[in-house]
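The values are calculated or read from the model by the stated rules, or taken from the named source; none is laboratory data. Model, not experiment: these values are computed from the prediction. As a convention, Cβ positions derive from the backbone with ideal geometry for all residues, glycine included, and neighbour counts pool all protein chains shown.
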Amino acid sequence: MEHVAPTPLLDASDAAARIVRHFETGAICPAEMWAQLSDVLARGDVDAILNALPPETQAVLRESYRQRPLSFTALRGNPLRRRIRTWCRGPAARRQE
């Protein structure tokens, strides 16, 4: 059996999923979650990475965005802020409501 190196998208999605799990367990606050996610999302296409997450993980992110808008201000000045916000408000977010 040959070892296949993981793709950057999977690495970024795995890292993003770990960050969300840390948030869910209370290990990090919502603002820290967004800050860490922005670092991971800078590795590639924001939509592709976030869309590769399991639906329940996507739901956690969107719920955090809706329920804790003040924590999202941690990304003020971050060039990815608008893209992340657009994803959080996207069509899939409306289906989850």
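Looking only at residues in region 23-41 that are of a type in the set (Gly, Ala, Ser) and part of a helix (DSSP H, G or I), the one that is nearest to Asp11 (Cα to Cα) is Ser38.
The single condition among (1) free of Cβ contacts under 8 Å to residues at least 40 places away in the same chain; (2) under 18 Å from Arg89 (Cα atoms); (3) among the acidic types (Asp, Glu) that Glu24 does not satisfy is (2).
A quick yes/no check of all residues on (1) surrounded by 15 or more Cβ atoms within 10 Å (Cβ to Cβ); (2) touching a helix residue (DSSP H, G or I) at 6+ places or on another chain (Cβ under 7 Å); (3) under 14 Å from Asp14 (Cα atoms):
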residue	(1), (2), (3)
Val46	yes, yes, yes
Thr57	yes, yes, yes
Arg62	yes, yes, no
Arg66	no, no, no
Thr73	no, no, no
Gly77	no, no, no
Arg82	no, no, no
Thr86	no, no, no
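Within region 59-66, is there a residue that is over 12 Å from Ile84 (Cβ atoms), out of contact with any Gly (no Cβ under 7 Å at 6 or more places or on another chain), of a type in the set (Lys, Arg) and at pLDDT below 95? Yes - at least one qualifying residue is present in region 59-66.
Does Ala12 count as of a type in the set (A, V, I, L, M, F, W, C), modelled with pLDDT under 95 and either touching a Pro at 6+ places or on another chain (Cβ under 8 Å) or buried (at least 16 other Cβ atoms within 10 Å of the Cβ) (or both)? So Ala12 passes the test.
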